[in-house]
Each structure stands twice: as structure tokens, then as C-alpha cells.
1. Name the long-range amide H neighbours of L74: under 5 Å, sequence gap of 5 or more, or other chain; modelled H, no Pro or chain starts.
2. In terms of modelled amide H atoms, which long-range or inter-chain residues lie less than 5 Å from the amide H of G22?
3. Does the chain come out rounded, prolate or oblate, given a ≥ b ≥ c as the square roots of the eigenvalues of its C-alpha gyration tensor, rounded meaning a/c under 1.5 and, failing that, prolate meaning a/b above b/c?
4. Non-local amide H neighbours of A34 (under 5 Å, H modeled in plane, Pro and chain starts lacking H): which ones?
5. Pop out the ³J(HN,Hα) list for the range 14-23 in order, Karplus 6.51 cos²θ - 1.76 cosθ + 1.60 with θ = phi - 60°, rounded to Hz; leave Gly and Pro as x.
6. Give me the percent of the accessible area of the chain that comes from carbon and sulfur atoms, probe 1.4 Å, all protein chains in place.
7. Using protein chains only and a probe of 1.4 angstrom, how many square angstrom of D117 are accessible, to the nearest 10?
8. How much FRET efficiency would the formula 1/(1 + (r/R0)^6) give for V154 and V111, where r is the Cβ-Cβ distance and R0 is 22 Å, rounded to 0.05?
Amino acid sequence: MARYEMLNNVAHKGLRVATRFGASYGDDIGMVPAYPTEYAELVREYPIFFRKNEDGEYQSVVLLGFGVNENLFLDGEQWKATYLPAHIARGPFLIGFQEQNIDGELRREAVISVDLDHPRVNFEEGEAVFLPQGGNSPYLEHVTSMLRGIRDGVEGGKAMYAAFDSLDLIQPLTLDIKFDNEHGANVTGLLGIDRERLATLDAESLHSLHRSGYLEGAYLVLASMHNMRRLMAEKQRRLSQETVAANAG
């Protein structure tokens, strides 16, 4: 159970965050939320899809593996990619809003909270959250940047998904994959951009998507599908290693 507190440099002086990876930190997961604000980074390494959350709302996700607890980017304590998805990079932190009295005026200000029960949180090792004098550490500045991107991505994403949906661009996908003669995977519940439907949109619809900045998002999602080959190749490599180890045993 998460135990969030508003972050401050007095109550949380000396707080550190472990930045290595592993199943003990919850990194053994097959997909994580993604945000349009990071599409340009994600498209280089991860396949981007859509799905509907428990409230029936669209959200972006990146596929990390072919099972619920399979992360093919996770290798021991390392994450084998040059870009870390913001949902992972944020660690134990969340961004929210709180009404604060500033110069006699109530304003809705962004605040950062930390989950003190998160397995990465400790006071012994890892990245310091605050400097000895009380200022934000470079690590916290980086996390804050990630959180702003998440916040903007959540808000901007709602409008983008609605625009795609209104044009019937979001369609269900079923990934039925064979890795070799004995192993395969069937991943359901994912959605993607309908390439053929996008290609047949009229000029007015295309211009509307372009003017709002959503057309680039659609093409980035489509381009990210090439990363499925990388994911499949890594799965095949691991299956091969398992076969060799089993035969040797």
C-alpha cells in the first residue's frame, strides 16, 4: 500500500532513491503507461500502443514483453535501452495540485508527493533527493522534469485520443506471435492506429490533425511498430539461452 507525503526538504532530509532495476522494485512488468510528450523518445526503442483503462478511457502504453510479468528490457539490474519511460523514471514520486495562498490569492499550484513505502525509498543508498544545504538535487530536478512531462502528456493526450477516436483511427489489435516451433504469445486488449484509415482521410481532417499537432503523434505510433522486431528478437534470444541451459543441465 502506497504512503504518500508531500515532499519537503525538512521532513525528508537525507531521503535517497535506489535507481538500479529489478523485480524487487516492480520492474518485471509487461507494459507501462506512456505519454504523448515522450513519443519522440519512445519511438526509437519501444512499440507504442493504446488501451482502455478501468474507467474506459484511452491511454498510451509501451509494450515491454509478451507476458504480464515479462520485461525484455530488464537484464539483471540494468535497463537495456537508452531512454527510460517516464512512468519508470519518476520512481516513487507523483505530481499533483494543491490550493495555496500566495500573496493573499488562492492559486492551484503543482506539488510533488513521495511514496515512503516504495521499495526504492531509503536513507542509506542511491540518489539523494535534496542537497546537504536543502536545495533540490540534480536527480530531483530530473524527476521533476519527468513529472511535468507526465502531467502535460495526460492532459494533452485526452484531446489527442478523442481526435483519433472521432476519425475512427483507433482500432483493436491482436498480437498472435510465434517465436519458434514451440513458443508463441497472444496479446489482446491493445489498440493501434489504423494505417489504411489514416491514409484515406480527407484533406480537411488531415489538416485539422496537423494543425493540432496530433498528426505527428499518429505517425510516431505507427513508426514505433518497427520496434516489435527488436522485442521479438530479444524474446527469441532468451528462449535460445534457456534451451541451451536446459540441454547443458
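1. Result for L74 returns K80.
2. D27
3. Numbers: a/c = 2.53, a/b = 1.17, b/c = 2.17.
Here the chain falls in the oblate category.
4. Under 5 Å from the amide H of A34: S60, V61, V62.
5. x, 5, 10, 10, 5, 10, 7, 10, x, 4
6. 49 percent
7. Taking all protein chains as shown, D117 has close to 80 Å².
8. The formula returns an efficiency of 0.85 here.
The values are calculated or read from the model by the stated rules, or taken from the named source; none is laboratory data. Source: prediction; values computed, not measured. Backbone-built Cβ (ideal geometry, glycine too); neighbour counts: all protein chains shown. Heads up: the accessible areas ignore ligands, DNA and RNA and are worked out on the full protein's heavy atoms, side chains in. Shrake-Rupley method; radii C 1.70, N 1.55, O 1.52, S 1.80 Å.
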